[in-house]
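The values are calculated or read from the model by the stated rules, or taken from the named source; none is laboratory data. Here the structure is a predicted model, which is why all the values come from computation and not from measurement. Don't worry about glycine lacking a Cβ; one is built from the backbone with ideal geometry, like all the others, and counts go over all protein chains shown. Note: areas computed on protein heavy atoms with side chains; ligands, DNA, RNA excluded. Shrake-Rupley method; radii C 1.70, N 1.55, O 1.52, S 1.80 Å.
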Amino acid sequence: MSGHADIVLVQYPRGATALVWVDLSTGRVMTNHAGLQVTLRRGVKNWAGQVLRPHDGALFLSAVYDHFFLSGYPVHWLGVSGLKGVQNTYRV
């Protein structure tokens with residue numbers, strides 16, 4: 001992970017937290033949640049109902065936010081700098 005990233009944080013009902021981000025230096029979409037990886041690879045619908053896929057980069061990340069928000073999950077968008085790394089990561 002580079003030092004800069006936009007991150008969508010999803011809070012699951014049982015206390016788990018999933019992170020999904022676009023590494024701005026590489027353009028790759030990543031997550032720290034293994035189970036979410038398969039779902040995200042299939043693509044997610046944005047607010048307008050359009051299916052976006054990981055190769056859409058920042059637009060995909062916005063669709064991830066919309067998807068979980070519309071599904072009733074607490075979701076947060078973070079723009080962060082100075083990150084050193086995330087221990088468990090899975091490329092989407």
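When you look at ARG14, is it under 12 Å from the mean Cα position of the chain (by Cα) and without any contact (Cβ under 8 Å) to a residue 24 or more places away in the chain, yes or no?
no
Can you give me the number of residues within the range 1-58 that are in contact with a Leu (Cβ under 8 Å, 6 or more places away or on another chain), of a type in the set (Gly, Ala, Ser) and under 15 Å from TYR73 (Cβ atoms)?
1
Of the conditions (1) at pLDDT below 90; (2) touching a strand residue (DSSP E or B) at 6+ places or on another chain (Cβ under 6 Å), LEU19 clears all except one; give me its number.
Unmet condition: (1).
From the residues in the range 22-32 that are open to solvent by 60 Å² or more (accessible area, probe 1.4 Å) and touching a residue at least 24 places away in the same chain (Cβ under 8 Å), which one is farthest from ASP56 (Cα to Cα)?
The selected residue is THR26.
Return the residue satisfying two criteria in turn: it lies in the range 46-61 and is in contact with a helix residue (DSSP H, G or I) (Cβ under 8 Å, 6 or more places away or on another chain) and in contact (Cβ under 8 Å) with a residue 24 or more places away in the chain, and of such residues it is farthest from SER71 (Cα to Cα).
Looking at residues that are in contact with a helix residue (DSSP H, G or I) (Cβ under 8 Å, 6 or more places away or on another chain) and in contact (Cβ under 8 Å) with a residue 24 or more places away in the chain, I get PRO54.
Provide a single number: the residues in the range 1-11 that are farther than 14 Å from ALA63 by Cα and either modelled with pLDDT of 90 or more or among the β-branched types (Val, Ile, Thr) (or both).
Number of matching residues: 1.
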